[in-house]
1. Can you confirm whether Leu242 is farther than 15 Å from Phe15 by Cα, among the aliphatic types (A, V, I, L, M) and in a strand (DSSP E or B)?
2. Answer with yes or no whether Gly259 is under 19 Å from the mean Cα position of the chain (by Cα) and within 26 Å of Pro35 (Cβ to Cβ).
3. From the set of residues in the stretch 289-306 that are crowded, with 21+ Cβ neighbours inside 10 Å and touching a residue at least 40 places away in the same chain (Cβ under 8 Å), which is farthest from Ala45 (Cα to Cα)?
4. Inside the stretch 274-295, can you point out the residues that are in a helix (DSSP H, G or I) and farther than 27 Å from Ile187 by Cα?
5. So, Gly140, is that one among the small types (Gly, Ala, Ser), more than 16 Å from Ile187 (Cα to Cα), at pLDDT below 95 and surrounded by fewer than 24 Cβ atoms within 10 Å (Cβ to Cβ) or not?
6. Taking Leu271, is it within 19 Å of the chain's Cα centre (by Cα) and assigned to a helix (DSSP H, G or I)?
7. If I go through the stretch 26-61 residue by residue, how many of them are crowded, with 20+ Cβ neighbours inside 10 Å and in contact with a Phe, Trp or Tyr (Cβ under 8 Å, 6 or more places away or on another chain)?
8. For the subset of the stretch 251-268 comprising residues that are among the β-branched types (Val, Ile, Thr) and part of a strand (DSSP E or B), which member is surrounded by the most Cβ atoms within 10 Å (Cβ to Cβ)?
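The values are calculated or read from the model by the stated rules, or taken from the named source; none is laboratory data. Just so it is clear, the structure is predicted and the values come from calculations on it, not from any experiment. Virtual Cβ from ideal backbone geometry, glycine too; neighbours counted across all protein chains shown.
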Amino acid sequence: MPAAGPSPRSFDQVFAEGRLSLGVVLPVRRQPDAPIDFREQIALARRAEELGFAAIWVRDVPLNGPWYPEIIGHLDPWVALGAVSAVTRSIALGTAATVLPLRHPWHLAKAAASVQALSGQRLLLGLGSGDRPEEFAAFGLRSEDRRTLFREKWEKLQGALLHPQSLPGLPDSFELRPTDFVPPPLIVIGSAGQSLEWIARHAAGWATYHREPEQQRDRHHLWRRAVDGAAPGQFRSFSVALHLSIERGSGAATAIPLGYRTGETGLVSILAEQRDLGVHHLMLNLESSTLEPDESLELVAAAAARATGTSS
């Protein structure tokens, strides 16, 4: 089933050709191993909206263990988005990414419809395949099947969201309520085991991970070619998840895994470079050992204004 229908307002405010917007992935950290105050994170989402960020993103990590070394326990993404929705008015609310093979499509459709109703239609539904065999086994599934599961569940989920009064594969007596919601755009996070052509044909956009500039330029070229072939004449967004370790002062950027360690001067250069690479949206994973989380947000917003001549 191809992506269909007009793009919701949340999509248009985050993604546009020739424009770079910024989103914040919660939690915003003081340093990698620092404990997280999740109520503070909800307040930071409100602050991000005040500073002009385009989107708040949350992750889906159902279970933790030695196979997933990060020590924090992420909130359930739908509980988190409900809390953020209650304290914000306009910022887009995204999942990056919901692990589709581990979720039942009817549950996901219900959660998405609920967030749309509560938030004023602000959801961006980012979906990934997951890749941790231990987690799949805990849900009674095989990680080797994730590619097929992703496609099968995508079709049911998208069908339920586009046609809530006629759920695919169920008798006509079943429907998804509330029905008065705008179907959220579906965005593939990572490859999800699918070809770029499949993603371009079925999704509203694609989010990938940070690479060195020349490699990222090549990825963008491959994406544009896939879009031109699979969805000619249609807009498909291109997003990048970027890790930023922000330091006080005006230091230049140095490479770290999946991102940069940088001061304000380097940050301005990074944002300008990402825009020039064709990136529509950056999903920023922020941390700092020298700044408070709200200070990190303020520094990034100021750098964005300098890099683009606009707000975030």
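1. On the way: farther than 15 Å from Phe15 by Cα: yes; among the aliphatic types (A, V, I, L, M): yes; in a strand (DSSP E or B): yes.
Answer is yes for this residue.
2. On the way: under 19 Å from the mean Cα position of the chain (by Cα): yes; within 26 Å of Pro35 (Cβ to Cβ): yes.
Taking the combined requirement at face value, the residue satisfies it.
3. First, the residues of the stretch 289-306 that are crowded, with 21+ Cβ neighbours inside 10 Å: 293, 296-297, 299-300, 303-304.
Pick out the ones that are also touching a residue at least 40 places away in the same chain (Cβ under 8 Å) and you get 293, 296-297, 299-300, 304.
Values: Pro293: 11, Ser296: 13, Leu297: 10, Leu299: 15, Val300: 14, Ala304: 17 Å.
Result: Ala304.
4. Let us first name the residues in the stretch 274-295 that are in a helix (DSSP H, G or I), namely 274-276, 293-295.
Pro293, Asp294, Glu295, listed by residue number.
5. Values: among the small types (Gly, Ala, Ser): yes; more than 16 Å from Ile187 (Cα to Cα): yes; at pLDDT below 95: no; surrounded by fewer than 24 Cβ atoms within 10 Å (Cβ to Cβ): yes.
So Gly140 does not fit the description; no.
6. Values: within 19 Å of the chain's Cα centre (by Cα): yes; assigned to a helix (DSSP H, G or I): yes.
Judged against the criteria, Leu271 is a match.
7. Residues that pass the stated criteria total 2.
8. As a first pass, look at the stretch 251-268 and keep what is among the β-branched types (Val, Ile, Thr): 254, 256, 262, 265, 268.
Among the residues that remain, those that are also part of a strand (DSSP E or B) are: 254, 256, 262.
Numbers: Thr254: 11, Ile256: 13, Thr262: 25.
In this case the residue turns out to be Thr262.
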